[in-house]
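Structure, as structure tokens:
The values are calculated or read from the model by the stated rules, or taken from the named source; none is laboratory data. Treat the numbers as computed from the prediction; the structure is a model and nothing was measured. Note that each Cβ is placed from the backbone with ideal geometry, even for glycine, and that neighbours are counted across all protein chains shown. Just the protein is used for accessible areas: all its heavy atoms, side chains included, with ligands, DNA and RNA removed. Shrake-Rupley method; radii C 1.70, N 1.55, O 1.52, S 1.80 Å.
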Amino acid sequence: MKICCIGAGYVGGPTMAMIASKCPEVTVTVVDINAERIAGWNSGTLPIFEPGLEEMVALQRGKNLFFSTDVNDTIRDSDVIFISVNTPTKTYGVGAGRAADLRFVESCARQIAEVSDSDKIVVEKSTIPVRTAQSIKRILDASSHNGAKFQVLSNPEFLAEGTAMEDLEAPDRVLIGGETTEEGLAAVGKLVDLYAHWVPRERILTTNLWSSELSKLTANAFLAQRISSINSISALCEATGADVDEVAHAIGQDSRIGPKFLKSSVGFGGSCFQKDILNLVYLCEHFGLPEVANYWQQVVEMNDYQKRRFTQRMLDAMFNTVSHKRIAILGYAFKKDTNDTRESAAIYVCRDLLEEQAHLAIYDLKVPASEIYETLGVFEDDDRVEVCDNAYSAADGAHAVAILTEWDAFKNLDYTRIYNSMPKPAFLFDGRNLLDIPALQEIGFEASGIGK
Ligand code: UDX
Ligand code: ADP
């Protein structure tokens with residue numbers, strides 16, 4: 001079997017590395033129109049950081065795993081084509097700010113139809129609205145001119161960044177949706193056999209196309225909802241003196257609730273949660289279900305509130321002004337163990353602080369300086385934003401330290417040294433509940449966490 005994956009991003013790269021590693025007889029080629037990205041995948045420094053990925057790519061690359069910009073030839077040569085391109089929220093026209101922008105997916109479908117001269121199985125890997133498979137199929141069938149036939153499958157990816165390789169190696173489940181025709185079932189069977197190389201059969205679920213597409217949106221909406229729910233309680237904890245971590249632990253012991261995804265924070269980020277919920281909201285409105293749409297919209301609104309509330313708390317503590325004060329920002333990625341900044345809460349907090357005329361000294365373990373400047377919309381010579389190469393230089397002379405990503409390294413910093421390098425009173429705002437607040441207060445910090 002020959003596999004082509006269109007899109008060498010956070011989903012396509014790791015997923016294909018795992019398939020290549022587990023299925024030595026299968027040839028996997030990942031293609032992308034972004035030549036710089038492909039060059040990165042073929043070099044010693046991969047374009048994305050994910051624990052364990054570099055080692056796996058080093059073992060497979062050149063054997064049965066290839067990265068190329070030659071999209072057409074790779075499509076033509078493959079039996080199975082994964083579409084793993086980006087599906088951002090639309091920024092223009094009807095549905096702007098909510099609906100998914102499917103132009104990259106559509107252009108892939110047209111390209112596949114254009115160049116294919118044999119039958120193909122086309123697999124949607126990107127998160128997309130329900131019924132996209134139908135659109136892909138229509139484009140494929142209408143534009144095909146070489147007699148090629150197409151089967152479209154939905155195979156959403158549930159990996160979380162930072163733990164992608166573990167999630168791919170031992171997934172809770174693999175979901176494959178397809179048409180219930182004879183050809184559809186045969187295509188589903190082929191993909192099942194591929195995953196069965198390493199995933200126990202009972203964990204490979206097969207459904208119809210729409211159930212598979214909707215399950216992905218629903219899973220992300222439920223996960224994000226848990227975070228917004230505990231974050232809403234964090235505001236109440238701050239008002240009443242309860243400790244949100246204690247509340248989360250107590251409710252998580254109930255086996256019906258469970259302990260995961262109850263960590264209160266400055267807000268969820270990442271490329272999926274907000275996008276998928278907005279997508280769900282848009283779908284509900286489209287199908288005439290405004291009450292359902294409003295219900296899910298609240299999850300996003302609570303998250304926006306949480307991000308704004310964090311900055312407001314900083315201002316309240318710091319005598320209502322941060323104007324021209326140096327603020328150290330520790331962590332910029334949307335979560336630990338990734339260099340991804342998409343929808344990172346740090347971007348929003350930093351923008352709000354810049355509005356308040358703060359001077360920011362930002363340090364992240366993996367995010368490049370150029371990306372920090374770009375996402376904040378400032379030039380590299382802007383003296384309001386300094387990107388530092390370690391936490392101590394960021395904190396040196398700062399009125400406050402704000403922890404915005406839960407990098408493990410921030411647990412083990414010498415906070416006495418940091419305290420001594422700051423003007424007093426020295427503030428510390430832990431947006432990830434990573435640190436022991438009483439211990440920081442013992443050092444002398446005016447310290448607070450979320451929901452504490
Ligand atoms: C998510 C889903 O988990 C994954 O299944 C899907 O395929 C893609 O979207 P990802 O966005 O990579 O994965 O990371 P995730 O671990 O879900 O974290 C998302 C955001 O929520 C991060 O900003 C994280 O810091 C935050 N979070 C997570 C919390 O604030 N509290 C929690 O308890 C868990
Ligand atoms: P994800 O997190 O879903 O993997 P990314 O943005 O990291 O999203 O990756 C998507 C990749 O898809 C990008 O590298 C982009 O250049 C690539 N891409 C988008 N459209 C096409 C296309 N028509 N052909 C090839 N690659 C594409």
Which is touching a Gly at 6+ places or on another chain (Cβ under 9 Å) and either at pLDDT 95 or above or not hydrophobic (A, V, I, L, M, F, W, C) (or both), of Gly269, Gly252? Gly252
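Does Ile251 satisfy being surrounded by 15 or more Cβ atoms within 10 Å (Cβ to Cβ), within 16 Å of ligand 1 (Cβ to nearest atom) and closer than 28 Å to Leu283 by Cα? Steps first, please.
Details: surrounded by 15 or more Cβ atoms within 10 Å (Cβ to Cβ): yes; within 16 Å of ligand 1 (Cβ to nearest atom): yes; closer than 28 Å to Leu283 by Cα: no.
No: the conditions fail for Ile251.
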Qualifying positions in segment 103-122 - in contact with a helix residue (DSSP H, G or I) (Cβ under 7 Å, 6 or more places away or on another chain) and in a loop (DSSP other than H, G, I, E, B): Ser116, Asp117
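Which one of Gly52, Gly97, Gly93 is more than 22 Å from the chain's Cα centre (by Cα), surrounded by fewer than 19 Cβ atoms within 10 Å (Cβ to Cβ) and more than 15 Å from ligand 2 (Cβ to nearest atom)?
Values: Gly52 fails: more than 22 Å from the chain's Cα centre (by Cα); Gly97 fails: more than 22 Å from the chain's Cα centre (by Cα).
Of the residues listed, the single one that is more than 22 Å from the chain's Cα centre (by Cα), surrounded by fewer than 19 Cβ atoms within 10 Å (Cβ to Cβ) and more than 15 Å from ligand 2 (Cβ to nearest atom) is Gly93.
Looking at Leu365, is it open to solvent by 60 Å² or more (accessible area, probe 1.4 Å) and within 16 Å of ligand 1 (Cβ to nearest atom)?
Working: open to solvent by 60 Å² or more (accessible area, probe 1.4 Å): yes; within 16 Å of ligand 1 (Cβ to nearest atom): yes.
Taking the combined requirement at face value, the residue satisfies it.
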Count - residues of segment 420-449 that are assigned to a loop (DSSP other than H, G, I, E, B) and in contact (Cβ under 8 Å) with a residue 24 or more places away in the chain: 11
Can you confirm whether Leu168 is at pLDDT 95 or above, assigned to a helix (DSSP H, G or I), closer than 25 Å to Thr207 by Cα and within 16 Å of ligand 1 (Cβ to nearest atom)? yes
Among the numbered criteria (1) within 23 Å of Arg131 (Cβ to Cβ); (2) β-branched (Val, Ile, Thr); (3) open to solvent by 10 Å² or more (accessible area, probe 1.4 Å), which one does Thr87 miss? (3)
Among the residues of segment 143-185, count how many are within 17 Å of Phe82 (Cα to Cα) and loosely packed, with under 14 Cβ neighbours inside 10 Å. 1
Residues of segment 217-241 being open to solvent by 40 Å² or more (accessible area, probe 1.4 Å) and of a type in the set (A, V, I, L, M, F, W, C), in sequence order, are Phe222, Leu223, Ile233, Leu236, Ala239
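Within segment 9-45, work out how many residues are outside any helix (DSSP H, G or I), of a type in the set (A, V, I, L, M, F, W, C) and more than 12 Å from ligand 2 (Cβ to nearest atom).
3
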Which ones in segment 311-326 are out of contact with any helix residue (DSSP H, G or I) (no Cβ under 6 Å at 6 or more places or on another chain) and not in a loop (DSSP other than H, G, I, E, B)? Gln312, Arg313, Met314, Leu315, Asp316, Ala317, Arg326
